[in-house]
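Asks: Mind looking over this structure? Questions follow.
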């Protein structure tokens with residue numbers, strides 16, 4: 001243990017702890033901006049400087065290892081003056097439109113400004129980093145360089161964690177900027193729309209492309225507004241509205257959406273179960289008929305674009321199944337209208353998703369019927385939370401309402417799609433029982449749960465030892481795909497989720513870190529335990545859809561509506 | 001009249017720089033041979049006795065640097081010669097490298113033997129392309145003669161050197177930025193610790209030293225640490241290679257013992273050019289200090305300079321005659337730092353441009369008296385909070401000119417207010 005004092009208070013920390021860690025142990029608040037608990041220390045913003053007695057220069061608390069005998073001051077005149085001056089320099093560079101910024105209220109720069117009690121106009125004239133134009137080219141993410149404070153957190157997550165390399169630092173000095181290659185618009189870059197950069201951006205420089213107005217506009221039409229709600233939305237929405245992380249709010253979210261004006265609220269867990277029926281059948285078919293293996297899941301649209309860009313040679317490995325959102329959209333526009341005596345164009349189909357990439361996915365031509373999109377627009381958890389607030393609804397006090405039928409029933413297997421390993425576990429539950437005809441003694445596949453970057457398991461299914469792997473975060477997916485490409489991976493089935501942690505860590509949720517993610521994960525498996533049906537093939541609503549309309553899993557109708565094709569996008573790298 | 005004391009420059013202009021025979025005829029590689037006959041501790045102790053301090057500007061004791069890396073257990077270690085001489089007006093490393101490259105190679109080999117490295121890099125300033133072939137040819141000749149490469153002089157010690165071109169950025173003279181640049185990354189400084197001596201190039205322990213520092217090592221081994229320690233002044237031993245530039249009658253590179261008086265050096269180089277009057281000096285490069293003629297009686301060594309609010313830095317002495325406009329010079333220097341700031345840390349990225357902005361306004365007649373307080377405060381914040389020496393030092397010309405040439409600022413502000 002290392003002993004030091006901070007502001008005169010003695011504290012002991014483990015070897016390797018930083019001065020910031022030590023201060024936090026004493027509940028002393030040191031402002032930070034470039035520091036992020038899930039990233040390597042960058043020490044570039046300098047807002048966290050502290051004074052070490054006897055040292056001429058100040059130390060960045062985030063990067064400085066606590067050392068024996070240090071006497072740190074976090075509030076000396078030199079520290080106060082320095083932090084406030086650094087903030088002043090940043091503010092003179094930062095767009096002055098807090099009142100109508102999407103991050104107002106959750107902006108870390110705003111918070112630091114408040115914490116340092118900075119209430120004057122900067123002495124320096126305002127000089128924006130770039131023209132105050134939003135880059136609106138992406139369907140998922142809006143980039144506004146005039147709000148960038150050059151902390152480098154987006155570059156870190158994009159390059160080090162996701163290995164997408166969509167945003168890199170260019171120029172130097174005052175002209176430093178974080179842009180896609182060749183300064184292309186984000187929407188024409190290799191960006192895979194995962195939104196992890198939005199999750200780490202301390203300011204409004206990177207935000208979600210907002211679709212809320214499309215909903216309010218739809219209310220003024222005669223259309224039937226139909227929503228599907230993804231598995232992890234019920235896990236994350238309450239947190240986005242200020243409740244404890246991991247607070248499940250299924251019934252309340254339906255109530256809130258009905259109050260806002262949605263006519264019907266369906267559950268994407270239903271098409272998650274449908275996905276398992278289709279994907280499981282596809283996997284067994286590939287194994288039996290010598291098809292391309294390993295088969296890789298296709299639920300995560302960020303992962304799909306990543307594969308299309310960086311691994312076009314492995315596109316045959318991707319399951320041809322549409323994502324649950326895609327399957328839902330197809331049913332809403334091709335099956336449901338006839339059932340209720342309406343035309344497809346009379347229905348406004350909305351998805352509520354934890355995911356920014358779903359906005360991109362919804363615009364894929366494959367996910368449309370007669371050139372009209374199957375999902376008209378996508379609203380993320382962050383946006384839904386804002387809509388609920390702006391509708392004047394006190395979310396906490398709402399009563400519960402069940403999902404609407406016929407797409408209101410989902411199993412625990414569908415629910416765990418929200419966490420890394422969930423699709424794999426759901427598939428194993430079904431594949432095992434369909435192949436062997438036996439009931440699983442233990443349906444919890446612990447080996448594929450949790451936040452380990454790459455998880456592996458082997459499960460004996462009848463005569464076949466099924467080898468599976470699960471990756472979340474595209475840096476981990478890249479490792480697995482490199483192994484597949486070089487023939488070193490002998491798996492049958494791989495699950496990939498673009499976002500670290502899976503959908504509960506999706507870019508459309510409220511701002512996260514790994515600590516918050518633990519509560520979300522716990523909530524997912526809690527829901528699974530709670531639900532009466534926990535296997536996709538036991539979902540009666542899914543089975544009756546096959547009887548009434550689709551025929552059999554992997555059949556003709558399924559292929560027409562529930563399966564898709566992919567596009568080689570490696571040209572983006574040139 | 002002041003005479004030069006040549007240790008680092010002893011062979012410059014005396015030999016064909018690429019000829020290994022010429023270099024060996026003047027005792028070249030005898031020091032390496034001698035070092036290899038000693039234990040690594042014995043060789044290190046000679047360096048320690050010499051009390052040689054780094055010549056790149058920071059003045060860190062080289063013996064201490066070597067002992068840190070020596071103590072680390074690693075499968076690979078590196079020696080880097082920092083030849084990214086980026087200070088405008090500084091030419092000393094260029095003269096050494098182009099005139100006597102083997103003295104640097106031999107110094108690197110000695111350092112490598114002590115630290116336990118087998119591989120060295122010369123990180124050569126991008127703007128010195130003509131030196132590249134000189135180094136390559138000298139290296140090739142030294143290898144052929146068995147002075148570098150495998151099993152040097154049959155001792156079992158292997159050491160070879162590659163020349164790497166710099167990226168053309170001033171900040172790459174900072175050791176962690178230099179390392180990033182060799183690794184093919186963006187040349188940006190990293191927070192220390194970890195220090196390069198423990199975790200440097202490609203994550204391996206790395207000794208980074210300036211050209212001039214390394215060129216001293218053979219003479220220290222050859223003549224003994226005590227011999228070297230007797231040159232110069234007690235805490236700052238040996239010589240310093242100075243670059244004289246600006247409005248001086250005889251500009252160029254010259255080597256004098258540490259502690260030699262600035263006045264004597266200035267006079268030895270003929271004083272101000274064309275018989276004009278002296279206005280002042282800029283010492284230590286662009287991130288150095290502007291002093292006025294009253295401060296000229298100054299022993300030029302690291303500590304005395306520091307104590308008198310001046311800086312030895314790279315040993316650059318820029319002479320300014322009374323036709324120079326101090327504010328123009330400072331404004332120009334700040335535009336240099338705007339260009340060269342890497343943009344990583346806030347104070348340097350945002351501070352240099354604001355300093356330039358204020359000085360430009362004052363110079364253009366738009367200044368206010370309180371601007372001088374802002375300059376003082378901003379300079380202090382940049383000095384104590386910037387990530388690397390670039391941001392920590394770039395305000396020195398502003399702050400020293402504000403102290404030593406305050407009238408120039410006041411007059412400019414007054415002029416503006418009258419207009």
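What follows draws every value from the coordinates through simple rules; no lab data is involved. Keep in mind that what you see is a predicted model, and the values were worked out from it rather than measured. Backbone-built Cβ (ideal geometry, glycine too); neighbour counts: all protein chains shown.
Asks: Compute the relative contact order of the stretch A:437-574 as a whole-number percentage, counting only Cα pairs closer than 8 Å that sit 6 or more residues apart in sequence.
Replies: Relative contact order for the stretch A:437-574 comes out at 13 percent.
Asks: For the residue pair residue B:6 and residue B:323, what label-to-label distance in nm results when each label sits 7 Å from Cα along the Cα-to-beta-carbon direction?
Replies: Calculated label separation equals 3.3 nm.
Asks: While we're on this one: Can you give the angle from 0 to 90° between the axis of helix A:250-260 and the longest principal axis of chain A, with both taken from C-alpha atoms, to the nearest 10?
Replies: 90
Asks: Just how many % of Cα pairs in the stretch A:500-574 lie over 20 Å apart, if you round to the nearest whole percent?
Replies: Result for the distance tail: 63 percent.
Asks: Project the alpha carbons of the stretch B:326-418 onto their principal axes and report the range along each, largest first, in whole Å.
Replies: 41, 21, 18
Asks: Looking at the protein assembly as shown, what % of its DSSP beta bridges pair antiparallel, to the nearest 5?
Replies: Numbers: 48 of 93 bridges.
Antiparallel: roughly 50 percent of the beta bridges in the protein assembly as shown.
Asks: Oh, and also: Would you list A:288, A:147 from fewest to most Cβ contacts within 10 Å?
Replies: The most exposed by this proxy come first: A:288, A:147.
Asks: Stretched out fully, how many nm does the piece from residue A:546 to residue A:104 gain, at 0.36 nm a residue minus the Cα gap?
Replies: Net length gain for the segment: 154.4 nm.
Asks: How big is the stretch A:382-426 on each of its three principal axes, counting only the C-alpha atoms and giving the largest first in Å?
Replies: 39, 25, 17
Asks: Counting helices only, and only those DSSP H runs with n ≥ 4, report the 222 nm mean residue ellipticity of chain A as the sum of -39,500 (n - 2.57) divided by its residues, in deg cm²/dmol to the nearest 500.
Replies: When only DSSP H runs of four or more count, the value is -9500 deg cm²/dmol.
Asks: Over chain A, what is the relative contact order in whole percent, taking alpha-carbon pairs under 8 Å and six or more residues apart?
Replies: 15 percent.
Asks: How many partner chain Cβ atoms sit within 10 Å of a residue's Cβ in peptide A:168-179, on average, as a whole number?
Replies: Rounded to a whole number, the mean comes out at 5.
Asks: Where does each of B:394-403, A:175-184, B:298-307 land if you order them by average Cβ count within 10 Å, highest first?
Replies: B:394-403, B:298-307, A:175-184
Asks: Which order results if B:411, A:223 are arranged by neighbouring Cβ count within 10 Å, fewest first?
Replies: By the 10 Å Cβ count, ascending: B:411, A:223.
Asks: Just how many % of Cα pairs in the stretch B:233-321 lie over 15 Å apart, if you round to the nearest whole percent?
Replies: Working: 2020 of 3916 pairs.
Above the 15 Å cut-off, the stretch B:233-321 has 52 percent of its Cα pairs.
Asks: Compute the long axis of helix B:406-418 from its Cα atoms, compare it with the longest principal axis of the Cα atoms of chain B, and write down the angle in degrees, 0 to 90, nearest 10.
Replies: With both axes taken from Cα atoms, the answer is about 40 degrees.
Asks: Next question, about the same structure. Which distance in Å, rounded to a whole number, links the C-alpha centroids of the stretch A:1-80 and the stretch B:343-419?
Replies: For the stretch A:1-80 versus the stretch B:343-419, the Cα centre distance is 29 Å.
Asks: Now, a different point. Using only C-alpha atoms and all pairs of different ones, pull out the Kirkwood radius for the stretch A:468-538 in Å with one decimal. List each step's numbers first, then the result.
Replies: Details: mean 1/r = 0.0708 Å⁻¹.
With all distinct Cα pairs of the stretch A:468-538 included, I get 14.1 Å.
Asks: How large is the translational diffusion coefficient of the protein assembly as shown in µm² per second when you combine the Kirkwood radius over alpha carbon pairs with Stokes-Einstein at 25 °C and 0.890 mPa s?
Replies: Working: Rh = 32.0 Å.
Taking Rh from Cα pairs, D becomes 77 µm²/s.
Asks: Report, for chain B, the % of DSSP beta bridges that are antiparallel, rounded to 5.
Replies: 50
Asks: Calculate the all-directions average of the projected area of chain B's alpha-carbon convex hull, and give it in nm².
Replies: Working: hull surface 78.3 nm².
Dividing the Cα hull surface by four gives the mean projection, 19.6 nm².
Asks: Okay, moving on. Once you compute Rg and the Kirkwood Rh from C-alpha atoms, what is the Rg to Rh ratio for the stretch A:2-91?
Replies: When Rh is taken as the Kirkwood radius, the ratio is 0.94.
Asks: R0 = 41 Å: FRET efficiency of residue A:7 with residue A:288, Cβ-based, nearest 0.05? Walk me through the numbers before you get to the answer.
Replies: On the way: r = 69 Å, r/R0 = 1.69.
Once the sixth-power term is evaluated, E becomes 0.05.
Asks: Going highest first, how would you order B:275-281, B:63-69 by mean Cβ packing within 10 Å?
Replies: B:63-69, B:275-281
Asks: On to the next question. How do A:495, A:114 rank when sorted from fewest to most other Cβ atoms within 10 Å of their own Cβ? Please report the intermediate quantities before stating the final value.
Replies: Working: A:495 28, A:114 12.
Listed from fewest to most nearby Cβ atoms, that is A:114, A:495.
Asks: May I ask you to give the average projected area over all directions of the convex hull of the Cα atoms of chain A, in nm² rounded to one decimal?
Replies: Across all orientations, chain A yields a mean hull projection of 28.1 nm².
Asks: Another question about this same structure. Over chain B, what is the relative contact order in whole percent, taking alpha-carbon pairs under 8 Å and six or more residues apart?
Replies: It comes to 17 percent, rounded to a whole number.
Asks: Could you state the number of Å between the C-alpha centres of the stretch A:342-360 and the stretch A:458-525?
Replies: If we compute the Cα centre of each part, the gap is 26 Å.
Asks: Take every Cα-Cα pair in the stretch A:248-369 and report what % of them are more than 24 Å apart.
Replies: Numbers: 2726 of 7381 pairs.
So the portion of pairs separated by more than 24 Å is 37 percent.
Asks: Mind ranking A:301-307, A:507-513 by how tightly packed they are, going by the mean number of other C-beta atoms within 10 angstrom, highest first?
Replies: Per-residue mean Cβ counts within 10 Å order the peptides as A:301-307, A:507-513.
Asks: Which whole number of Å³ per residue matches the convex hull of the alpha-carbon atoms in the stretch B:20-230?
Replies: On the way: hull volume 23.6 nm³, N = 211.
Dividing the Cα hull volume of the stretch B:20-230 by its residues yields 112 Å³.
Asks: Across the residues of A:41-49, average count of Cβ atoms on other protein chains within 10 Å?
Replies: 5
Asks: How many times 2.2 N^0.38 Å is the alpha carbon radius of gyration of the stretch B:253-398?
Replies: 1.09
Asks: Right, something else. Between residue B:16 and residue A:243, what is the label-to-label distance in nm when each label sits 7 Å out along the Cα-to-Cβ direction?
Replies: Reported label-point gap for residue B:16 and residue A:243 is 8.6 nm.
Asks: A further question on this structure: Return the average number of partner chain Cβ atoms within 10 angstrom of each residue Cβ along peptide B:375-385.
Replies: Mean inter-chain Cβ contacts per residue within 10 Å come to 6.
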